[in-house]
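*Asks:* Structure incoming, see below.
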Amino acid sequence: MAGTGFVAAMVLTGWPVAGLIAGTAGFISPTVLGAKASRDWEIARMNALATWVEMVRDTISAASGLTEALNATAVTAPMPVRAHVRSLAARAEREPLPGALAKFANEVDHAVADTVAVTLGLAAANQVGSLQESLADLADSTRQEVSMRLRIEASRARQFTSARFIAGVVAVFSVAMVGFSRPYLAPFDSVTGQVTLAIIGGLFIGSGFALVKMSRFSSPARILDVGRAPATPSTVGGHQQ
C-alpha cells in the first residue's frame, strides 16, 4: 500500500513530497485503522479469561479436582483463550501442574493470566485456603477492568469518528483539487511550496500517530517473567527451592 500510494501521488502531482506523504500514510494506515480492532481483541481476551476463571471456580466447587476442572473447561472455554486452555489441560496430564501453568501464562502473555497461574499454582501446592474465593475475586476484578475499558471506548467513539471523517474529507478534497483545480495548487511546485507541503503532511501524519498512541490502554505489568528465565514449579509456586 505504501508503494502504491507513493507512485500514485507522484503520477498525479509530480511532487516528491506528495509521494512521500502518500507512501507514509499508506504504510501507517494499517496501524491506525487496526487500532480499534486491537483494543477490542484485548477487551475480549480479558473478558474470556474472567469467564474461564469463573468456569474453573464453579467446576472445582462441584467437588472436582483442579486437573479435572481444567479438563472439563478445556472444551467449553471462551474462544479467545480456548486453544491456550486446551494446551494447559493437555500439559497438566503429563507434567507438573505449576510448570504447565507457567507455560500457559507465557503463551497468553497477559497480567491476568499470570495471576491465574500463580493462584492455581499455589492451590496445587496446598498454599491457598479457599481457591474458590480467590478465583471469584480475580474474576470480579478482571470484569471491573473490562467494564472500565468499555466505558472509555464509548467515551472516545465520537472523537475517533470525527478524526476519521476529517481525514477522509481532507483526502477527497486534496485529490479533487489535484484533478480539477491544478492552477490553484501551482505555489506548491516551488521549493518553498514543497517544504510547506512537507510540514502540513508531517502534522497530519503526526496527529495520526498521536491518536493511536492516546487510544492505547496501559496493560498491567506481568508478574511472571517467564520469557527471560525457564519456568519451574518452584518459581510459579512463589518461592525458590
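The values are calculated or read from the model by the stated rules, or taken from the named source; none is laboratory data. Fair warning: this is a prediction, and the values are worked out from it, not measured in the lab. In this analysis, Cβ positions are derived from the backbone assuming ideal geometry, glycine residues included, and neighbour counts consider all displayed protein chains. When the accessible area is computed, the model is the full protein with side chains, heavy atoms only, and any ligands, DNA or RNA have been set aside. Shrake-Rupley method; radii C 1.70, N 1.55, O 1.52, S 1.80 Å.
*Asks:* Is the stretch 65-85 home to any residue that is in a loop (DSSP other than H, G, I, E, B), small (Gly, Ala, Ser) and over 22 Å from residue 223 (Cα atoms)?
*Replies:* yes
*Asks:* May I pose another question? Sort through 168, 179 and tell me the only one that's over 28 Å from residue 47 (Cβ atoms) and free of Cβ contacts under 8 Å to residues at least 60 places away in the same chain.
*Replies:* After applying the criteria, what remains is 168.
*Asks:* In this structure, is residue 31 farther than 19 Å from residue 123 by Cα, at pLDDT below 75 and open to solvent by 50 Å² or more (accessible area, probe 1.4 Å)?
*Replies:* Spelling it out, residue 31 is indeed farther than 19 Å from residue 123 by Cα, at pLDDT below 75 and open to solvent by 50 Å² or more (accessible area, probe 1.4 Å).
*Asks:* Also: When you scan the stretch 72-99, how many residues do you find that are out of contact with any Lys or Arg (no Cβ under 6 Å at 6 or more places or on another chain), of a type outside the set (Val, Ile, Thr), open to solvent by 10 Å² or more (accessible area, probe 1.4 Å) and at pLDDT 90 or above?
*Replies:* Counting residues in the stretch 72-99 that are out of contact with any Lys or Arg (no Cβ under 6 Å at 6 or more places or on another chain), of a type outside the set (Val, Ile, Thr), open to solvent by 10 Å² or more (accessible area, probe 1.4 Å) and at pLDDT 90 or above gives 9.
*Asks:* Go through 104, 188 for me and flag whichever is over 18 Å from residue 41 (Cα atoms) and touching a His at 6+ places or on another chain (Cβ under 8 Å).
*Replies:* Going through 104, 188 in turn, the sole match is 104.
*Asks:* Could we say that residue 147 is part of a helix (DSSP H, G or I), closer than 26 Å to residue 23 by Cβ and open to solvent by less than 70 Å² (accessible area, probe 1.4 Å) here?
*Replies:* When the stated conditions are applied, residue 147 does not pass them.
*Asks:* Which of the residues that make up the stretch 153-179 are loosely packed, with under 12 Cβ neighbours inside 10 Å and basic (Lys, Arg)?
*Replies:* Passing the criteria: only 158.
*Asks:* If you don't mind, there's one more thing I want to ask. State whether the residues of the stretch 138-152 include one that is over 22 Å from residue 36 (Cβ atoms) and of a type in the set (A, V, I, L, M).
*Replies:* yes
*Asks:* Can you find, within the stretch 36-53, the residue that is farthest from residue 76 (Cα to Cα) among those that are small (Gly, Ala, Ser) and open to solvent by less than 20 Å² (accessible area, probe 1.4 Å)?
*Replies:* Checked the stretch 36-53; the qualifying residue farthest from residue 76 (Cα to Cα) is 50.
*Asks:* Based on this model, can you work out whether residue 131 counts as over 14 Å from residue 57 (Cα atoms), of a type in the set (A, V, I, L, M) and either modelled with pLDDT under 80 or within 20 Å of the chain's Cα centre (by Cα) (or both)?
*Replies:* So residue 131 fails the test.
*Asks:* Let me ask something else. Could you identify the single residue in 56, 17 that is out of contact with any strand residue (DSSP E or B) (no Cβ under 7 Å at 6 or more places or on another chain), open to solvent by less than 20 Å² (accessible area, probe 1.4 Å) and modelled with pLDDT of 70 or more?
*Replies:* Result of the check over 56, 17: 56.
*Asks:* Further question on the same structure: Mind checking which residues of the stretch 180-201 are under 30 Å from residue 34 (Cα atoms), open to solvent by 40 Å² or more (accessible area, probe 1.4 Å) and not polar (S, T, N, Q)?
*Replies:* 198, 199, 200
*Asks:* Within the stretch 120-127, does at least one residue satisfy the condition of being within 27 Å of residue 38 (Cα to Cα) and open to solvent by 40 Å² or more (accessible area, probe 1.4 Å)?
*Replies:* no
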